[in-house]
Amino acid sequence: MSSCSWSEKVLQLLRRMNNFHSPGSSRTRCLRFEIDGAQVGWIPPHVASLLNRYSTVFSEPRNGAVSLLPRLDSYSTRSEAVDAVLQNLRQEEPLGCLRGWRDERYSVMPKYSDPPLMSMERAATSLFGVRRYGVHINGYTVSDSGEMSMWLARRSNTKQTYPGLLDNVAAGGLAAGVGIKHTLVKECEEEACIPAAIAEKACPVATVSYTYEDQDGVFPECQFVFDLELPLEFRPRVGDGEVQDFYLLPIEKVTELLATDDFKPNCAMVVLDFLIRHSLIDPDTEPFYQDFITGLHQTL
């Protein structure tokens, strides 16, 4: 694959993962989702029309926003009221995302450092454009001669999302009430059998942010990225069944794979960020260097 072709394919990936920012997206037609005056999401038009029937929970659209009613004035009352609506929609409406119900709750707040205002079923967050947070770990090795390789996971063919595609060595969403470091250690142990004593050496290095939309709604996401240099003799093992195999690949091969359809898209972005931070992509020779940087850090 030529350098130009590689660059263009990677740029296409970043544009796809940020298509909510693109001309022609639904953004101008979405309604802000607000709680107690703070915006916490974006409600697509087809979802806003469904919420009209739940007047004891949601306000009528006003000034471009839908709000939870003021009587829902605590974390628990908001969470319970919205969950009741979602359970009803799950039974009555053909919403594809709710068929992937996980019984896993995500926190809802304007930004990560804010106190959560409520929690919401993970599978439903795209209906409200609520920002989702996760942790991704770049597991890599450096040989005695200085050659870098990266461990990649192959997702199980039974995964609800992106089955069979390449993934980071470990990754997972941030469930309500669970911290970043705890999630990192847990996912390393569960997915790749990486002992806590090794996982805890992972270094926080960046965040990768993007917003895309598809038929299931709006997906604003932010991934907390960690680099973990693994011992040369260590080999990840399949743990909880979410992964079917692990591969240790030269960094040149990993770079090549980024421009294929074999990578889970947001994991490809995490690896791209790794390549940039480790000076494996040169701004003197990469024509889309600035576009890459921008595409990895798009926030609403």
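The values are calculated or read from the model by the stated rules, or taken from the named source; none is laboratory data. Keep in mind the model is a prediction, meaning the values are calculated, not measured. Cβ sites come from the backbone with ideal geometry, for glycine too, and all protein chains shown count toward neighbours.
Okay, here's what the table says:
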read-out	value
Any hit, region 241-263, residues being part of a helix (DSSP H, G or I), more than 15 Å from Ser149 (Cα to Cα) and not charged (D, E, K, R)	no
Any pair with Cβ under 7 angstrom, 6 or more apart, that starts in region 213-232 at a residue that is surrounded by fewer than 20 Cβ atoms within 10 Å (Cβ to Cβ) and ends at one that is modelled with pLDDT of 95 or more and aliphatic (A, V, I, L, M)	Asp227/Ala202; Asp227/Val205; Glu229/Val142
Which listed residue is crowded, with 16+ Cβ neighbours inside 10 Å, in contact with a helix residue (DSSP H, G or I) (Cβ under 6 Å, 6 or more places away or on another chain) and more than 29 Å from Asn18 (Cβ to Cβ), from Val57, Val47	Val57
Those residues of region 25-38 which are among the small types (Gly, Ala, Ser) and farther than 14 Å from Val218 by Cα, in sequence order	Gly37, Ala38
Every pair of residues 6+ apart whose Cβ atoms lie under 6 Å, when the first sits in region 85-108 and is in the same structural domain as Glu121 (by TED's automatic domain parsing) while the second is modelled with pLDDT of 95 or more and among the hydroxyl-bearing types (Ser, Thr, Tyr)	Val85/Tyr54; Cys97/Ser126; Arg105/Ser119; Tyr106/Thr125; Ser107/Ser119
Given (1) in a helix (DSSP H, G or I); (2) surrounded by 18 or more Cβ atoms within 10 Å (Cβ to Cβ); (3) polar (S, T, N, Q), index of the condition Gln87 fails	(2)
Gln12 vs. criteria assigned to a helix (DSSP H, G or I), without any contact (Cβ under 8 Å) to a residue 40 or more places away in the chain, in the same structural domain as Ile281 (by TED's automatic domain parsing) and not β-branched (Val, Ile, Thr)	yes
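Matching residues to (1) assigned to a loop (DSSP other than H, G, I, E, B); (2) surrounded by 14 or more Cβ atoms within 10 Å (Cβ to Cβ); (3) not assigned by TED's automatic domain parsing to the domain that holds Asp262:
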site: Arg32; (1), (2), (3): no, yes, yes
site: Gln39; (1), (2), (3): no, yes, yes
site: Pro70; (1), (2), (3): yes, no, yes
site: Ser76; (1), (2), (3): no, no, yes
